[in-house]
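Reviewing the structure listed below.
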Amino acid sequence: MKTPLHHEHENLKAKMVDFHGWDMPVWYTGIKEEHMATRRHAGLFDVSHMGELMVTGPDAVAFANHVTSNDVAALAVGQVQYSTILNDRGTIEDDCLVYRLADRVMLVVNAGNRAKVVRHITPMAARFACELTDVSDATALLALQGPLAEGVLQPLIATDLSAIRYYHFIRDRVAGIPAIVSRTGYTGEDGFELYVAAEAAPELWGALTQPRDAHLTVTPAGLGARDTLRLEMGMALYGHEIDDTTTPLEANLGWVVKLGKGDFVGREALVAQKAAGLTRRLVGFQMADRAFPRPGYPVFHAGDRSGVVCSGTVGPSVGVPIGTCYLPAAAATPGQPLAVEIRGTQCPATVVRVPFYAYGSHK
């Protein structure tokens, strides 16, 4: 499958890869260059492969509240929240964003989980006065991220962007194109995610990348930089830190679980897990030397294998090898030693606090 911006990527001679069935740019000029451009200036990402599900009807909020772990009812119109979609075991079918619009709720889900999530939650909709519609194919999503993002976007929109708070959104025109403009992102930097009609995406891409001010540089960035940016901030990636074998409590996502809001899918399992106590937790670690911790490498603690590396890289902003893994709960504290097996050798590492990168500490 191709996003509406596929020709733009071809014109820029991007390195394309298959990503959950989508032909996506992994980099244009280089992962490190695009990563640092986003940290220092502004990076522009095509994330149109993401799924958008619209919930309409009188029970739209009640339904969304039932199928997600956070409290949708607490959202004001124009507000966004991060959440998880669980199964009855309390494990994660997907992580998502929930948008509270005036007359509906929008769930933004991962590309690889879109069909699974639709299958999972559609039968539940029958118990509510609502309708679930998959609008993903008609929707494009561009992410403009970085400290200069507001300056780049402001000349293209009438709304005063400084008035949009973090995890809030407005509906306006960007370069004349109707859009949802959301102050959200997956990089740890300030920025915006722009939802527009699929056919308008190339025009919007052109408006955002058109040179206007030498100080407001916009760099097209691919999935590679998106991954290193989010890892430096300790943000979970489905299929790596979280999946349908992990619960939000184990993955340090207890803050998106509102057990007091009433019944929701997976609640009973999480109540039981919390009462019994966690046996493992997700942690961040830093290697003692320049050894590269790749996903899937075995992890050892106190001589015993405790799991595998979930994500690992040399962080371009922090300059050292970093990663994530699960450890026994009693050992999931900063300073704990562990080892990552790399090509048959157990290489020392230490549990550290996340995020690995401090927002605003631009080099």
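Between E33 and A275, residue separation times 0.36 nm minus the direct Cα-Cα distance comes to 82.5 nm.
If the Kirkwood radius is taken over C-alpha pairs of the range 53-210, then at 25 °C and 0.890 mPa s the Stokes-Einstein diffusion coefficient equals 150 µm²/s. Fewest neighbouring Cβ atoms within 10 Å first, the residues S48, S69 line up as S48, S69. Relative to the Cα centre, the charge distribution of the range 279-354, modelled as +1 at Lys and Arg Cβ and -1 at Asp and Glu Cβ, gives a dipole magnitude of about 120 debye. Assuming charge only on the beta carbon of Lys and Arg (+1) and of Asp and Glu (-1), the dipole of the chain about its Cα centre is about 840 debye to the nearest 20. Per the Cα gyration tensor, the range 3-131 maps to an equivalent ellipsoid with semi-axes of 33, 16, 14 Å, ordered largest to smallest. Couplings 3J(HN,Hα) of the range 66-81, computed from phi: 6, 9, 10, 8, 7, 9, 5, 5, 7, 6, 8, 4, x, 10, 10, 9 Hz, in residue order, whole Hz [Karplus 6.51 cos²θ - 1.76 cosθ + 1.60, θ = phi - 60°; x for Gly and Pro]. Computed from backbone phi, the HN-Hα couplings of the range 327-334 come to 10, x, 4, 5, 9, 8, 10, x Hz, rounded to whole numbers (Karplus: 6.51 cos²θ - 1.76 cosθ + 1.60, θ = phi - 60°; Gly and Pro given as x).
Classify the range 170-276 as rounded, prolate or oblate from the Cα gyration tensor: take a ≥ b ≥ c as the square roots of its eigenvalues, call it rounded if a/c is under 1.5, otherwise prolate when a/b beats b/c and oblate if not. Prolate shape, in that a/c is at least 1.5 and a/b is the bigger ratio. Residues whose amide H comes within less than 5 Å of that of V308, counting only those at least five positions distant or on another chain, are V299, Y326 (H built at 1.01 Å from N in the peptide plane). Spin-label pair T56-D18: with each label point 7 Å from Cα along the Cα-Cβ axis, the two points sit 3.6 nm from one another. Across all directions, the average projected area of the convex hull around the alpha carbons of the range 213-298 is 9.9 nm². Helical content of the chain, expressed as a calculated mean residue ellipticity at 222 nm, amounts to -5500 deg cm²/dmol (DSSP H runs of 4 or more residues, -39,500 (n - 2.57) each, divided by residue number, nearest 500).
Classified by the C-alpha gyration tensor, the range 1-78 has a prolate form. Its axis ratio a/c, with a ≥ b ≥ c, is 1.5 or above, and a/b is larger than b/c.
Whole-Hz Karplus values for the range 227-243 come out as 6, 5, 5, 5, 5, 4, 8, x, 7, 6, 10, 5, x, 10, 6, 10, 6 Hz, taken residue by residue from phi with 6.51 cos²θ - 1.76 cosθ + 1.60 and θ = phi - 60°; glycine and proline positions read x.
Here's how it looks for I342: its modeled amide H is under 5 Å from those of C347, which are all 5 or more places away or on a different chain. For the chain, a Kirkwood hydrodynamic radius built from all Cα pairs, placed in the Stokes-Einstein relation at 20 °C and 1.002 mPa s, yields a translational diffusion coefficient of 101 µm²/s. Computed from the alpha carbon positions, the gyration tensor of the range 279-354 leads to an equivalent ellipsoid with semi-axes of 17, 14, 10 Å, biggest first.
Laboratory data are not the source of any read-out in this text; all were calculated from the coordinates shown. Here the structure is a predicted model, which is why all the values come from computation and not from measurement. Here Cβ is always computed from backbone atoms with ideal geometry, including for glycine, and neighbour counts include all displayed protein chains.
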